[in-house]
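Reading through the structure tokens given below for one structure.
Values quoted throughout were computed directly from the atomic coordinates according to the rules given, and no laboratory measurement underlies them. A quick note: this is a predicted structure, and the numbers were derived from the prediction, not measured. Cβ sites come from the backbone with ideal geometry, for glycine too, and all protein chains shown count toward neighbours.
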Amino acid sequence: MQRVAVIGAGSWGTALAIHLGRTGHDVRLWVREPELLDAMKASGENTMFLPGFALPDSVHPSGAFDEVLAGARLVVSAVPSHGARAVLRAAAPFIDRDATLISATKGLELDTLQRISQVIVDELGERRTVVLSGPSFAVEVARQLPTAVCAASNDLEAAEVVQQELRARYFRIYATDDVIGVEIGAALKNVIAIAAGVVEGLGLGHNSLAALLTRGLAEISRLACALGGRRETLAGLSGLGDLVLTCTGSLSRNRQVGVRLGQGHSLEDILAGMTMVAEGVRTTHAALALGAACGVELPIAAQMAEVLAGRKNAESAVEDLMLRPQRVEPESR
């Protein structure tokens, strides 16, 4: 039984801990909030972020990095993007130099515009790092429903380790070396999902949603390719697959934010009523800044930024997108 550490006890971190525990690993789950840790130890489940799923006996929650990380050969980071750097910095002294790191965070760091694998290098130095991403609602993984994701790494041996250690009859993993494409796809699909929710909230129909997903994928691909990613990656699980799931699935937090924006609610009120993080809110601004630095136009993200900031209502944003100068398809870039 291999020791695995999971840093972050949100819905995705908890689902991965449960999954790893089921597949025969000795799992230590780092929990930030003391009150949540006490509740998990008392009830045997994460009633705040993933209620209804008992932690296997092989999953042990703890609030101490030394307990969680001691002897761990696999370290999964499932912390929201805005907190990833601080948590990794605190955990760094306890992470074994030879451990394989798995980044399960979908987002960009707002201040630096870095992808989370770049944040890992900043805080931990060059390590065996794998990005785990793809269409994967936490609750469905916890239910053991069939799921397929990507393991992206510049070290394909490390990706193969993740394939071997995380695979299950309901959990299939494809390896790739396009880390940039996978991380940009994972981050920006949340921005498009907010726009998809706006389409739903305004009652604009299926034609609008289909157009949004198609043009959203083109927008994500432009940025990923400008940064060095590959267009074909965005046609796969971590691009198109994750985009479709997040834009159409009722479990998507980012889509829910968009639905309520389309219904006329303010962002402040929407976020006040959420216990979990909608990564797309912060990622929208980071993506625009990254696009500007690369000379890449991101029209959907630009309109969502206006709506999120309260400078424009949802109807006006849709109208402005529709009235943009018309283009040819496919685009050369």
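Miscellaneous remarks
- The residues neighbouring residue 167, those whose beta-carbon lies less than 15 Å from its own, together hold a net charge of +1 under the Lys/Arg +1, Asp/Glu -1 convention.
- Amide hydrogen proximity for residue 148: with H placed 1.01 Å from N in the peptide plane, the residues at 5 or more positions away or on another chain lying under 5 Å are 172.
- Charge-dipole axis of the chain as Lys and Arg at +1 and Asp and Glu at -1 on Cβ define it, positive-most pick from 283, 83, 303: 303
- The chain - share of DSSP beta bridges that are antiparallel (%, nearest 5): 20 percent
- Axis angle, to the nearest 10 degrees, between helix 156-166 and the longest C-alpha principal axis of the chain: 70 degrees.
- Local electrostatic count, residue 112, Cβ distance below 15 Å [Lys/Arg +1, Asp/Glu -1]: -1
- Local electrostatic count at residue 238 - Lys and Arg +1, Asp and Glu -1, tallied over other residues with Cβ under 10 Å: -1
- Relative contact order for the stretch 182-322, counting Cα pairs under 8 Å that sit 6 or more residues apart, in percent: 34 percent
- log10 of Debye I(q)/I(0), alpha-carbon scatterers only, for the chain at 0.09, 0.13 Å⁻¹: -0.45, -0.94
- Projected area, mean over directions - the stretch 1-150, Cα convex hull, nm²: 8.3 nm²
- Span from the the stretch 115-153 Cα centroid across to the the stretch 234-271 one, whole angstrom: 19 Å
- With the cut-off at under 18 Å, measuring from each backbone N in the stretch 131-160 to a point 7 Å along the Cα-to-Cβ line of residue 276 picks out 132-149.
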